[in-house]
Amino acid sequence: EKEAARYSRLLEKFPTDIVCMGIGENGHIAFNDPPVADFSDPLMVKKAELDPACRTQQVNDGCFESLDKVPKYALTLTVPSLVKAKYLVCTVPAKTKERAVYHTLSDEISECCPATVMRRHAHAVLFCDSDSGVAFI
């Protein structure tokens, strides 16, 4: 909580111009997983519990050797903090992200697929490779 508060103060003092992010397999952005994402979150940074799909992705991506080594919690910028930036640049490679890209661009904008919030941002850019964006090629 102390680190989240410290980081929040830094973000207030030095506002973000550009957010570089990706989309998780479950549509999360910056560990704002569907069960806990809040488009109206009053916090700038918070402790988030990582859902099983997100934790499994960390293993599949090679970030951790096994599920038991993946932290259950992470500090994350909240959705309002992310979209407050002047520009959003989202890069989404890999076949494992194809469904997430599809839902990001096709579903109703909601916390069910947090990445859909990018469609409300005037200066958001989504880069996909031929695997992740195959449904739209």
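The values are calculated or read from the model by the stated rules, or taken from the named source; none is laboratory data. Every value quoted in this text rests on a predicted model; they were computed, and no experiment measured them. Because the Cβ atoms are built from the backbone with ideal geometry, glycine has one as well, and the counts that use them run over all protein chains shown. Protein only, heavy atoms only, side chains kept; ligands, DNA and RNA dropped before computing areas. Shrake-Rupley method; radii C 1.70, N 1.55, O 1.52, S 1.80 Å.
Given a 1.4 angstrom probe, what's the average accessible area per residue across the chain, in square angstrom?
Details: 7990 Å² over 137 residues.
It amounts to 58 Å² per residue over the chain.
Starting from the alpha-carbon convex hull of the range 66-115, give the projected area averaged over all orientations, in nm².
Details: hull surface 20.2 nm².
Spelled out: convex hull of the Cα atoms, projected over all directions, averaged, 5.0 nm².
State the Cα centre-to-centre distance between the range 8-40 and the range 75-129 in whole Å.
One Cα centre to the other: 10 Å.
Enumerate by residue number the GluC sites (Glu not before Pro) in the range 25-134 meeting two conditions: DSSP loop (anything except H, G, I, E, B), and at most 13 other Cβ atoms within 10 Å of the site's Cβ. Spell out each step's value before the answer.
On the way: sites: GLU25, GLU49, GLU65, GLU98, GLU108, GLU111; in loops: GLU25, GLU65, GLU108, GLU111.
The qualifying sites are GLU65, GLU108.
Taking the Kirkwood radius as the inverse of the mean 1/r across Cα pairs, report the Rg/Rh of the range 1-99. Please report the intermediate quantities before stating the final value.
Details: Rg = 13.9 Å, Rh = 14.3 Å.
My calculation puts Rg/Rh at 0.97.
Roughly what % antiparallel, to the nearest 5, for the DSSP beta bridges in the chain?
40
Please give me the summed charge of the neighbours of THR116: other residues whose Cβ is under 12 Å from its Cβ, Lys and Arg +1, Asp and Glu -1.
Details: positive: ARG119, ARG120; negative: ASP107, GLU108, GLU111.
Within the 12 Å Cβ shell, the charges total -1.
Where in the range 55-111 are there trypsin sites (Lys or Arg not before Pro) that are in a DSSP coil and have at most 12 other Cβ atoms within 10 angstrom of their Cβ? Mind showing how you got there, number by number?
Values: sites: ARG55, LYS69, LYS72, LYS84, LYS86, LYS95, LYS97, ARG99; in loops: LYS72, LYS84, LYS86.
Hits after loop and neighbour filter: LYS72, LYS86.
Between ILE18 and ASP129, what is the spin-label point distance in nm, taking each point 7 Å from the Cα along the Cα→C-beta axis?
Taking the simple label geometry, ILE18 and ASP129 are separated by 2.1 nm.
Beyond 24 Å, what share of the Cα-Cα pairs of the range 47-137 is found? Please give it as a whole percent.
Values: 1084 of 4095 pairs.
Considering the range 47-137, 26 percent of its Cα-Cα pairs are separated by more than 24 Å.
Pop out the carbon and sulfur fraction of the accessible area of the range 1-119 as a percent, whole number, probe 1.4 Å. Could the numbers behind the result be given before it?
Working: 3760 of 6710 Å².
After summing per-atom areas, the C and S share lands at 56 percent.
Suppose R0 equals 25 Å. What FRET efficiency, 1/(1 + (r/R0)^6) with r the Cβ-Cβ distance, do SER40 and ARG99 give to the nearest 0.05? Each step should come with its number before you reach the end.
Details: r = 26 Å, r/R0 = 1.04.
Efficiency computed from Cβ-Cβ geometry: 0.45.
Expected output is a single nm value to one decimal: the length gained when fully extending between ASP107 and GLU65, i.e. 0.36 nm times separation in residues minus the C-alpha distance. What is it? It would help to have the intermediate numbers written out before the result.
Details: separation 42, 0.36 × 42 = 15.12 nm, distance 3.30 nm.
Once the chain is fully extended between ASP107 and GLU65, it gains 11.8 nm.
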